[in-house]
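Engineer: Pasting a structure here, questions to come.
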Amino acid sequence: MKSANIPEVKLGLIAVSRDCFPISLSEKRRAAVASCCEQQGLPVYQCPVTVENERDMLAAVADVKAAGCNALTVFLGNFGPETPETLIAQYFDGPCMFVAAAEGDGDLINGRGDAYCGMLNCSYNLGMRHLKGYIPEYPVGAAEEIAGKMAEFIPIARTVLGLKGLKIITFGPRPQDFFACNAPIRGLYELGVEVEENSELDLLVAYKAHAGDDRIPAVCADMAAEMGEGRYYPDLMARMAQFELTLLDWAEQHKGSRQYVAFADKCWPAFPSQFGFEPCYVNSRLASRGIPVACEVDIYGALSEYIGLCVSGDTVTLLDINNSVPRYIYDEDDISRYGYALTDTFMGFHCGNTPSCKMCADRAVKYQLIQNRLLENGGTPDFTRGTLEGDIAASDITFFRLQCDSEGTLRAYIAQGEVLPVATRSFGGIGVFAIPEMGRFYRHVLLQKRYPHHGAVAFGHYGKALFEVFKYLGVADIGYNQPKTLPYPTENPWNE
């Protein structure tokens, strides 16, 4: 998915060389890396300046900035000059990855670069200067391996750049009894994210101002084409289109100094009666074009969704970790054949915000059963219509969240799994999720560390990249679904 709401990374490659080593060795190795990048289809700008001293550093940084680079790979083709190479991260306004050349492309006399050793000093100097530099799990490699690490750096760099340019726009306070979606602003500022908090009345005024907008018929036609005949309420289309245009215009008019936006909106209980519909389907459409909209003013849910969007380059959703899978469904559909215990499974649910492209073919715009009970006394649905309902399609997934807790500490969790091809027999946008050792993860991460019930969902396995992003952002506590062989600190060893 190509979206204007996430950055496009232009990666530069700067080689560094310690002056007591042959500069030609570093330059030859840089050229080999660039060639491998080209072979792998990874566009990279190769800086012609090889950095041996601070003046070279300034010239190299100026060169890559002039070339439009917004992320860098600093390549130790040999031992590397500790001060100039780390100052690149200080003078360049963007994420920098530090990697080093492995030996093997020459003899061990004039062809030995000792970059394996130089990476130690590089890391030490970055730490002393309090500079952020991304160092992969194993940062040393041959040319084709370095090119592979550079490809893996792209989604990490995209996320870092995206957060730096992100504004989260909210409407309304969190609903009563949803204080679990706790949102200390301090954590956002620490990440470089801006937030704009508005009233639901602000949104209603803007919505009314869009009545009769001449773009509404085109949006209605697009909605009809997306859903197909018989899968939407024709009398709701104009209202929902009006709301979609309201949000899109608000995003453009309120970006301010930022380039990217995400929303966290209050969607009940007042919204449907005042706007005349539920906002879920419109929210799903914005998410499908790369503008996440978190339910129930979940600011860190919106942040997590945006991170997932940048990492995956694909649409995402926000779901409740909602209900256990009944034993009868587990048995009737023989879920054990997929290799999961009953406690590995749960249902991920929300009223209808998941993009239609991630749902089964029978999805449709319907009404919100819970809100209908609450607001319309279970009668004929009127203003509680507007959710996108249906089972979520089978897919690999990564369930994750970045949260600032009530103490002001950023923490995160990541769990990879899948949506199973199992009918839910339920309502809303919902799927049967399976995550290895989910039962233990639920108890010793989600409950133990007091995470809220919302989690972001990326459609694919992106745990590796997310883990690296969270490390780069300085998140010290990153939970994951640990195998049985690795007990949690709070897990009773006599539990069997």
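Engineer: Any chance the range 315-326 includes a residue that's out of contact with any Phe, Trp or Tyr (no Cβ under 6 Å at 6 or more places or on another chain) and acidic (Asp, Glu)?
Structural biologist: No, the range 315-326 has no match at all.
Engineer: Follow-up. Can you pull out every residue in the range 421-441 that is under 22 Å from the mean Cα position of the chain (by Cα) and assigned to a loop (DSSP other than H, G, I, E, B)? Working first, answer last.
Structural biologist: Step one: list which residues in the range 421-441 are under 22 Å from the mean Cα position of the chain (by Cα), which gives 429-436, 438, 441.
Selection gives 435, 436.
Engineer: Would you be able to say whether some residue in the range 183-191 is under 20 Å from residue 26 (Cα atoms), loosely packed, with under 15 Cβ neighbours inside 10 Å and in contact (Cβ under 8 Å) with a residue 12 or more places away in the chain? Before the answer, list the steps.
Structural biologist: Initial filter on the range 183-191 (under 20 Å from residue 26 (Cα atoms)): none.
No: zero hits.
Engineer: Additional query: In contact (Cβ under 8 Å) with a residue 40 or more places away in the chain, outside any loop (DSSP other than H, G, I, E, B) and closer than 27 Å to residue 159 by Cβ: is that true of residue 451 in this structure?
Structural biologist: Details: in contact (Cβ under 8 Å) with a residue 40 or more places away in the chain: yes; outside any loop (DSSP other than H, G, I, E, B): no; closer than 27 Å to residue 159 by Cβ: yes.
Judged against the criteria, residue 451 is not a match.
Engineer: Hey, does the range 368-391 have a residue that's of a type in the set (Gly, Ala, Ser), more than 22 Å from residue 280 (Cα to Cα) and either part of a loop (DSSP other than H, G, I, E, B) or in contact (Cβ under 8 Å) with a residue 24 or more places away in the chain (or both)?
Structural biologist: At the first step, the residues of the range 368-391 found to be of a type in the set (Gly, Ala, Ser) are 378-379, 386, 390.
Then drop every residue that is not more than 22 Å from residue 280 (Cα to Cα), which leaves none.
No, because not a single residue in the range 368-391 is of a type in the set (Gly, Ala, Ser), more than 22 Å from residue 280 (Cα to Cα) and either part of a loop (DSSP other than H, G, I, E, B) or in contact (Cβ under 8 Å) with a residue 24 or more places away in the chain (or both).
Engineer: Report, by residue number, each residue of the range 193-240 that is β-branched (Val, Ile, Thr), buried (at least 17 other Cβ atoms within 10 Å of the Cβ) and farther than 24 Å from residue 300 by Cβ. If you could, list the steps in order and put the result at the bottom.
Structural biologist: Going residue by residue through the range 193-240, those that are β-branched (Val, Ile, Thr) are 193, 195, 205, 216, 219.
Remaining after also requiring buried (at least 17 other Cβ atoms within 10 Å of the Cβ): 193, 195, 216, 219.
Correct list: 216, 219.
One line per residue, one yes/no per condition, for (1) surrounded by fewer than 17 Cβ atoms within 10 Å (Cβ to Cβ); (2) of a type outside the set (S, T, N, Q):
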residue: 346; (1), (2): no, yes
residue: 363; (1), (2): no, yes
residue: 398; (1), (2): no, no
residue: 406; (1), (2): yes, no
residue: 411; (1), (2): no, yes
residue: 421; (1), (2): yes, yes
residue: 431; (1), (2): no, yes
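Engineer: Say whether the condition of being under 24 Å from the mean Cα position of the chain (by Cα) and modelled with pLDDT of 95 or more is met by at least one residue in the range 97-116. Reasoning before the result, please.
Structural biologist: Here is the first cut: in the range 97-116, the residues under 24 Å from the mean Cα position of the chain (by Cα) are 97-98.
This time we only want the ones that are modelled with pLDDT of 95 or more, so: 97-98.
Yes - at least one qualifying residue is present in the range 97-116.
Engineer: Residue 167: under 20 Å from the mean Cα position of the chain (by Cα) and either more than 29 Å from residue 472 (Cα to Cα) or not in a helix (DSSP H, G or I) (or both), yes or no? Spell out the reasoning first.
Structural biologist: Values: under 20 Å from the mean Cα position of the chain (by Cα): yes; either more than 29 Å from residue 472 (Cα to Cα) or not in a helix (DSSP H, G or I) (or both): yes.
So residue 167 passes the test.
Engineer: Could you give every pair whose Cβ atoms fall below 6 Å, whose first residue belongs to the range 140-167 and is over 15 Å from residue 12 (Cβ atoms) and free of Cβ contacts under 8 Å to residues at least 12 places away in the same chain, and whose second residue is surrounded by fewer than 24 Cβ atoms within 10 Å (Cβ to Cβ) and among the aliphatic types (A, V, I, L, M), counting only separations of at least 6 or pairs across chains?
Structural biologist: Taking only residues 6 or more apart or on different chains, not a single pair turns up.
Engineer: Inside the range 241-257, can you point out the residues that are among the charged types (D, E, K, R) and surrounded by fewer than 18 Cβ atoms within 10 Å (Cβ to Cβ)? Give the derivation first.
Structural biologist: Looking only at the range 241-257, we keep the residues that are among the charged types (D, E, K, R), and these are 244, 249, 252, 255.
The answer is 249, 252, 255.
Engineer: Okay, moving on. Of the conditions (1) at pLDDT 95 or above; (2) at positive phi, residue 297 clears all except one; give me its number.
Structural biologist: (1)
Engineer: Spot the failing condition for residue 275; the list is (1) under 17 Å from residue 246 (Cβ atoms); (2) buried (at least 24 other Cβ atoms within 10 Å of the Cβ); (3) modelled with pLDDT of 95 or more, and only one is missed.
Structural biologist: Of the numbered conditions (1) under 17 Å from residue 246 (Cβ atoms); (2) buried (at least 24 other Cβ atoms within 10 Å of the Cβ); (3) modelled with pLDDT of 95 or more, the odd one out for residue 275 is (2).
Engineer: Pull up the range 370-396, narrow it to residues that are β-branched (Val, Ile, Thr) and surrounded by 16 or more Cβ atoms within 10 Å (Cβ to Cβ), then point me to the one that is nearest to residue 438 (Cα to Cα). Can you show your working first?
Structural biologist: Just the residues of the range 370-396 that are β-branched (Val, Ile, Thr), to begin with: 370, 380, 384, 387, 392.
Next, only the ones that are surrounded by 16 or more Cβ atoms within 10 Å (Cβ to Cβ) stay: 384, 387, 392.
Values: 384: 33, 387: 28, 392: 19 Å.
Going through the qualifying residues, I end up with 392.
Engineer: Can you go through 466, 420, 473 and tell me which one is more than 30 Å from residue 132 (Cβ to Cβ), touching a residue at least 40 places away in the same chain (Cβ under 8 Å) and in the same structural domain as residue 236 (by TED's automatic domain parsing)?
Structural biologist: On the way: 466 fails: more than 30 Å from residue 132 (Cβ to Cβ); 473 fails: more than 30 Å from residue 132 (Cβ to Cβ).
The conditions single out 420.
Engineer: Any residue in the range 302-314 that is within 15 Å of residue 264 (Cα to Cα) sitting within a Cβ distance under 9 Å of a residue that is aromatic (Phe, Trp, Tyr) and in a helix (DSSP H, G or I)? List the pairs, counting only those 6 or more apart or interchain.
Structural biologist: That search, which allows pairs on different chains as well, returns 307/470.
Engineer: Under 6 Å between Cβ atoms, which residue pairs at least 6 apart in sequence (or on different chains) link something in the range 318-340 that is in contact (Cβ under 8 Å) with a residue 40 or more places away in the chain with a partner that is among the charged types (D, E, K, R)?
Structural biologist: Here the result reads 318/305, each pair linking the range 318-340 to a residue that is among the charged types (D, E, K, R).
Engineer: Quick one: is residue 456 under 30 Å from residue 362 (Cβ atoms) and not in a loop (DSSP other than H, G, I, E, B)?
Structural biologist: Criteria met by residue 456.
Engineer: Same structure again: Of all residues in the range 250-265, how many are of a type in the set (Gly, Ala, Ser) and assigned to a helix (DSSP H, G or I)?
Structural biologist: Total meeting the criteria: 1.
Engineer: Hey, could you check the range 354-376 for residues that are at pLDDT 95 or above and polar (S, T, N, Q) and say which is nearest to the chain's Cα centre (by Cα)?
Structural biologist: 354
The values are calculated or read from the model by the stated rules, or taken from the named source; none is laboratory data. All values reported here derive from a predicted model rather than from experimental measurement. Note: ideal-geometry Cβ built from the backbone for every residue, glycine included; neighbour counts use all protein chains shown.
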